[in-house]
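Reading through the structure tokens given below for one structure.
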Amino acid sequence: MFHQIKNSKTHHFSGIIYEHQSWDCHFHNSFELIYVISGELTATVNNINISVNTDDFLLISPCMAHSLESSAGTKFFIAIFTPDFVSEFNNTGSFYKFSVKGTTLEYLKENLIFSLKPSRLTLRSLLYAICSEAETAGADDTPSNRSSFVIAVNAYISENFSHDFRRKDVSEALGYEEHYFSDLFHKSFGVGLKKYLNIYRFSKARKLLETTDQSITSVAFASGFPSVRSFNIIFKELSGKTPSEYRKVHVN
């Protein structure tokens, strides 16, 4: 189960409360905000494990590979929002764990976490408040964050995902020795290049299945998969459903 925003338009926000849910490795082109209402969950962001407990927030920047595992009885809020809501927030591939106290927390609960549909202006002010708290707390300082490497890799993949390329091609294009590149990639993204590329293509395919009536074959090639067979195998591996099954479930 994934919770990526279903379209690529500007100023989109999705906020849902979950109970005892888990997600395999994935990423978004948007921010992900997690708030634990009760219980505990473990987020793995770029191969770093973070324990998120009751009343903790975790803000994950766009294009950071992550997974979530919650314990039984855990209840938590997840919001996915496009970067244009907080265009002045200066983040560079970081994640932020922090807590908010007193009246600020109560305001966020009432107007964001447990609100059915805040207005656009209210929502924007709330998200800037979240980013302000995150910035005050500070980003994780490990080498795998705030890295020009992450930005350069994502830029290369976004430009070349529809082509057949190998680790050697990317490392040479970015000016790295291949084995050093491989090690740095694993440390930065928590998975290998092949899996990360599959996740990237899968995310694009999911969006096309949800928002267009393109055929399965068209979706497969538009998402960069080399064949329909590989598309079906990888899509089922990552979602638990075939592309056709996924479309039936997720398109009203």
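The values are calculated or read from the model by the stated rules, or taken from the named source; none is laboratory data. Note that this is a predicted model, so its numbers are computed, not measured. Here Cβ is always computed from backbone atoms with ideal geometry, including for glycine, and neighbour counts include all displayed protein chains. The area values use the complete protein model at the heavy-atom level, side chains included, leaving out ligands, DNA and RNA. Shrake-Rupley method; radii C 1.70, N 1.55, O 1.52, S 1.80 Å.
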For segment 93-241, inverting the pair-averaged 1/r of distinct alpha-carbon atoms gives a Kirkwood value in Å of 18.4
Loop-located GluC sites (Glu not before Pro) in segment 41-144 whose Cβ has at most 15 other Cβ within 10 Å (DSSP) = GLU88
Could you give the radius of gyration (one decimal) and Dmax (whole number) of the Cα atoms in the chain, in Å?
-> 18.3, 54
For the chain, find the longest principal axis of its Cα atoms and tell me its angle to the long axis of helix 193-211, 0 to 90°, nearest 10.
-> 70
If one compares the long axis through the Cα atoms of helix 120-137 with the longest principal axis of the Cα atoms of the chain, the angle in degrees, nearest 10, works out at 90
What is the dipole size for the chain, taken about its Cα centre, with +1 at each Lys and Arg Cβ and -1 at each Asp and Glu Cβ, in debye to the nearest 20?
-> 860
Normalised contact order of the chain, rounded percent, pairs of Cα under 8 Å and 6 or more residues apart | 18
Do the alpha carbons of any pairs in LYS204/LYS248; LYS97/LYS204; LYS168/LYS195; LYS168/LYS194 sit beyond 20 Å of each other, and which pairs?
-> LYS97/LYS204
Principal axis lengths of segment 87-134 from Cα atoms, whole Å, largest first?
-> 30, 24, 13
Per residue accessible area of the chain, 1.4 Å probe, in Å² | 49
Sequence ranges 53-60, 226-233, ranked by mean other-Cβ count within 10 angstrom, highest first | 53-60, 226-233
Percentage relative contact order, segment 140-252, counting C-alpha pairs under 8 Å, at least six apart = 22
Sort all Cα-Cα distances of segment 158-252 into consecutive 10 angstrom bins from zero, then give the percent of pairs in each bin up to the one containing the longest distance.
-> 16, 44, 26, 13, 1
Working from the pairwise distances between different alpha carbons, so that the mean of 1/r is found and then inverted, what is segment 182-232's Kirkwood radius in Å?
-> 11.7
